[in-house]
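Please treat every number below as a calculation from the coordinates, not as lab data. What you see is a predicted model; the values in this text were computed from it and never measured.
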Amino acid sequence: MSERVLEVDDLAVYFPVKSRGVFPRTIGQIKAVDGVSLDVGPGETLGLVGESGCGKSTTGRAILRLVTPTSGRVVINGNDVTGLSRREMRPIRQQAQMIFQDPYNALNPRQTIGSILAAPFRIQKVDPPGGVRQAVRELMDRVGLNPEHVNRYPYEFSGGQRQRIGIARAIALRPKLIICDEPVSALDVSIQAQILNLLQDLQSDFGLSYLFIAHDLAVVRQIAQRVSVMYLGHIVETAPRDELYRHPLHPYTHALLSAVPVPDPEVQTHRQRIVLGGDLPSPLNPPPGCVFHTRCFVAQDRCRTEVPELRVMGPDHRVACHFPITEPLQGDVIHGPDSGLVEPLEGEPGYFSESITDLGAVGTTRLDSGNPTDEGI
């Protein structure tokens, strides 16, 4: 493959914990991200999944220097941005942008949509062909909004329409990389598929690369080509999408997949869900050895003292586990009683073509979901 659009090597983000009082001092560090390495190729979507609080969003923000990394190396489109100042990062932001999770707080309520979408051109001093006003109208039309609404304010739009505005702002300068920080988690499921379809269309038209951050495994399976699983600030497994969903190796990945509903009542009835014991450890004081060993159902003494490295277990399949699960677990936790899969993939017997708007569906079909401008109705 050609040069990677994004390369992250051993990224760490620690937040200091201060004592109270007149003269506060640092008494500890919250290890939000601890040694994360990943990469994204041209035109590729890498899904980054994990439960809330594992450090997914902090990783995305650290890549774009919205929070300052403690250590590590970040390369965007061949440019090492690790030590750049805010002024030096400005031209890099033409190449990498972000779509935020909450469309209600991501837009300035005092500015019109026209002003919001014109800001990237003004800040970067870019004069598009036909002028900024024409470029703004073309952006609105491209993401499924009425260009005649250019003078409206954010409160006059629905949640899905506001997210379209955020997407339009992100693609205004035709970046190579977009970090999508849970862009559909705050939307109704009937709107989620529309936004995912829009992102896929934009990727096809402009050759975009996505780092897609989410906690919904069905959404990630819909859009990503590769998936990385994150737990307590660490990448524990990364693999091509179909390989990860067919043959997960890390116990945590097994637990995540066992919680995904299957759109077949018979299969769902016979499956057993892995319920992890205990609570998520504190990032202020993470456990020694493997960070997952306190909740792992296959942990042994070695796991409590030795940190596992990401090791290759197959073509582009790596796992950070001393005792990866290479065989189906007792009770067919991941595999159904007959199908051999959580859900058959397209073309296989028993394949389900339901859209991802159904909570149980984890298929890979595309949904054509009607008029995108009717979201608020």
Task: Theoretical ellipticity at 222 nm over the chain - DSSP helices of four or more residues, -39500 (n - 2.57) apiece, nearest 500 - done: -7000 deg cm²/dmol
- [ ] Treating cross-link reach as a plain straight distance, find the lysines whose alpha-carbon is under 23 Å from the alpha-carbon of Lys18, omitting any fewer than eight places away in the same chain.
- [x] Lys31
- [ ] May I ask you to list the lysines whose Cα is less than 27 Å away from that of Lys176, ignoring any residue fewer than eight positions away on the same chain?
- [x] Lys56, Lys125
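Can you tell me how the range 71-228 classifies by the Cα gyration tensor, rounded, prolate or oblate, using a/c under 1.5 as the rounded cut? It would help to have the intermediate numbers written out before the result.
Values: a/c = 1.65, a/b = 1.06, b/c = 1.56.
Cα axes put the range 71-228 in the oblate bin.
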Task: Length added when fully stretched, Ser19-Val189, from 0.36 nm per residue minus Cα-Cα - done: 56.9 nm
TODO: Would you mind telling me which residue in Phe292, Phe100, Phe323 has the biggest mean-square fluctuation in a Gaussian network model of the chain, where springs connect alpha carbons within a distance under 10 angstrom?
DONE: Phe323
